[in-house]
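To start, the structure itself, in structure tokens.
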Amino acid sequence: MSKLSDAEIAEIRDHFEFFDRNHNDLLEEREFIELFKILAPTASREMAIRGFNTIDTDGNGGIDFDEFLDWWQMNWTVF
Ligand SMILES: [Ca+2]
Ligand SMILES: [Ca+2]
């Protein structure tokens, strides 16, 4: 896994904040489904939910920025 520069992290942070519609610093399931629809327009809702559960590694029902960053560095390969 390559180390990200501050600029790259800032860019990823922008994406995260864009999809965090209610600005609580967590992507909830429905926010993540919106993001997933853009990344993978042909994917099913079930896939999005499975992905969400995989990325939410601490299982608190939301993807925080650390979890999002880990996923981003894996090039969205959990699916
Ligand atoms: Ca949110
Ligand atoms: Ca979480």
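Structure values in brief
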quantity: 0 to 90° range, to nearest 10: angle between helix 29-39 axis and the chain longest Cα axis; calculated: 80
quantity: Share of carbon and sulfur in the accessible heavy-atom surface of the stretch 1-51 [1.4 Å probe, %]; calculated: 54
quantity: In degrees, nearest ten, helix 6-19 long axis to first principal axis of the chain (Cα); calculated: 30
quantity: Rough spin-label spacing in nm, given labels placed 7 Å along Cα→Cβ, for A40 and A10; calculated: 3.1
quantity: Fraction in percent of alpha-carbon pairs per bin - 5 Å, the stretch 6-73; calculated: 3, 19, 30, 27, 16, 4, 0
quantity: Helix-only mean residue ellipticity at 222 nm for the chain, each DSSP H run of n ≥ 4 adding -39500 (n - 2.57), per residue, nearest 500; calculated: -17500 deg cm²/dmol
quantity: Ranked by how many other beta carbons lie within 10 Å on average, peptides 35-46, 9-20 from highest; calculated: 9-20, 35-46
quantity: 5 angstrom amide H check on E28, placed H, neighbours 5+ away; calculated: I63
quantity: Solvent-accessible area per residue for the chain (1.4 angstrom probe, square angstrom); calculated: 65
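The values are calculated or read from the model by the stated rules, or taken from the named source; none is laboratory data. In this text the structure is predicted, and so the values were computed from the model without any measurement. Glycine also receives a Cβ, built like all others from the backbone with ideal geometry; neighbour counts cover every protein chain displayed. We work out accessible area using only protein heavy atoms, side chains counted, and drop any ligands, DNA or RNA first. Shrake-Rupley method; radii C 1.70, N 1.55, O 1.52, S 1.80 Å.
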